[in-house]
Amino acid sequence: MYTDAITQVGALRAGLAVYQDFFTTADQVAALAKTPLEIPVRAYGGEACLGGATLASVQAVAPAAEGGVIERCGHWAGEERPDVVASIVRDLAGH
């Protein structure tokens, strides 16, 4: 599935283009962080990818954010641990 998608003409370039504006995006986030988010926010990192750093970085812009680390998970939580992600979404939605 991923191989088919990324081998299309221009797909790899488009997928990596997000990193091209890293410093612009960082400046935008820094400016926006001056007004902290007050909405409910959940932030989870995969145990094998960023772990607790995900929540810590999100709390810079949403101080009341909750979350943690998803065990036995890497970068693609929705695919690797859909059960956990669904549970988090249900909780956030109040169901």
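What follows is calculated from the coordinates using simple rules that are stated; it is not laboratory data. Just so we're clear, the structure is a prediction, and the values are computed from it rather than from any experiment. Cβ placement follows ideal geometry from the backbone for every residue including glycine, while neighbour counts extend to all protein chains displayed.
How high is the relative contact order of the chain, in percent, counting Cα pairs under 8 Å that sit 6 or more residues apart? If you can, show how the numbers build up before the last one.
Working: 96 pairs, mean separation 20.8, N = 95.
Once divided by the residue count of the chain, the mean separation gives 22 percent.
In whole Hz, what ³J(HN,Hα) sequence does the stretch 37-53 give by Karplus (6.51, -1.76, 1.60; θ = phi - 60°), x for Gly and Pro?
5, 10, 7, x, 10, 10, 9, 10, x, x, 3, 9, 8, 6, x, x, 5
What is the extension gain from residue 4 to residue 79, computed as 0.36 nm multiplied by their sequence separation minus the C-alpha to C-alpha distance, in nm to one decimal? Each step should come with its number before you reach the end.
Details: separation 75, 0.36 × 75 = 27.00 nm, distance 1.72 nm.
Net length gain for the segment: 25.3 nm.
Would you mind working out the magnitude of the charge dipole of the chain relative to its Cα centre, with +1 at each Lys and Arg C-beta and -1 at each Asp and Glu C-beta, to the nearest 20 Debye?
Here the size comes out at about 120 debye.
If the chain between residue 71 and residue 22 were fully stretched, how many nm would it gain, using 0.36 nm times the residue separation less the Cα-Cα distance? List each step's numbers first, then the result.
Details: separation 49, 0.36 × 49 = 17.64 nm, distance 2.85 nm.
Here the segment from residue 71 to residue 22 would lengthen by 14.8 nm.
I want to make sure I understand the PRE zone here: with the label point 7 angstrom from the Cα of residue 57 toward its beta carbon, which residues in the stretch 73-94 have backbone N atoms less than 20 Å away?
73-81, 85
In cubic angstrom, how much convex hull volume per residue do the alpha carbon atoms of the chain span?
Values: hull volume 11.9 nm³, N = 95.
That works out to 125 Å³ per residue.
Using a Förster distance of 25 angstrom, determine the FRET efficiency expected from the C-beta separation of residue 33 and residue 93, and round it to 0.05.
0.45
In the stretch 1-51, how does Rg compare with the Kirkwood Rh, expressed as the Rg/Rh ratio over alpha carbon atoms?
Values: Rg = 16.0 Å, Rh = 14.3 Å.
Checking Rg against Rh, the ratio lands at 1.12.
What 222 nm value per residue comes from the helices of the chain, counting each DSSP H run with n ≥ 4 as -39,500 (n - 2.57) and dividing by all residues, nearest 500 deg cm²/dmol? Walk me through the numbers before you get to the answer.
On the way: 6 runs with 44 residues, N = 95.
For the chain, the value works out to -12000 deg cm²/dmol.
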